[in-house]
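Below is one structure; the comments refer to it alone.
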Amino acid sequence: MIKITKEFTFDSAHQLNWHQGKCKNLHGHTYKLRVTVKGEINQNGIIIDFGDLKEIVNELVIEQLDHKFLNDIVDNPTAENLIVWIWDRLKSKLNLSEIRLWETPTSYVTYKGKL
């Protein structure tokens with residue numbers, strides 16, 4: 001089993017109405033998304049072409065979230081809820097191993113699917 005990874009960035013705004021701190025206010029983040037897929041090497045010597053991986057993630061995730069108000073897309077758009085939404089969008093097209101989403105340069109969430 002081999003794993004390959006590609007990283008993406010997108011900018012979005014959200015607010016967490018239940019939060020008692022700064023996140024209650026409308027604010028934005030530059031998110032970084034790392035998508036890791038797994039598989040066996042095919043006859044061409046790859047699991048999936050990096051270009052195909054990029055196209056799938058861009059279409060199903062990045063174009064849906066970039067420069068958008070996340071509250072209109074995901075109910076209670078915490079990093080945890082957002083990463084599950086992303087996984088659910090990608091799981092039918094990619095053999096996912098794990099995805100990681102950074103909300104800030106030092107804060108991220110990792111998801112490997114439902115156990």
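The values are calculated or read from the model by the stated rules, or taken from the named source; none is laboratory data. Bear in mind the structure is a predicted one, so any value in this text is a computation, not a measurement. All Cβ positions, glycine included, derive from the backbone under ideal geometry; neighbour counts span all protein chains shown.
Residue-wise test of (1) at pLDDT below 95; (2) part of a helix (DSSP H, G or I).
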residue: Cys23; (1), (2): yes, yes
residue: Gly28; (1), (2): no, no
residue: Ile47; (1), (2): no, no
residue: Val57; (1), (2): no, yes
residue: Glu80; (1), (2): no, yes
residue: Ile83; (1), (2): no, yes
residue: Arg89; (1), (2): no, yes
residue: Arg100; (1), (2): no, no
Exercise. If you check Val61 against the conditions, is it in a helix (DSSP H, G or I), at pLDDT 95 or above, touching a helix residue (DSSP H, G or I) at 6+ places or on another chain (Cβ under 7 Å) and of a type outside the set (Asp, Glu)?
Worked result: yes
For this session: Sort out which residues of region 87-115 are more than 17 Å from Lys38 (Cβ to Cβ), out of contact with any strand residue (DSSP E or B) (no Cβ under 6 Å at 6 or more places or on another chain) and not basic (Lys, Arg), and write them in order of number.
Result: Asp88, Thr104, Pro105, Thr106, Ser107
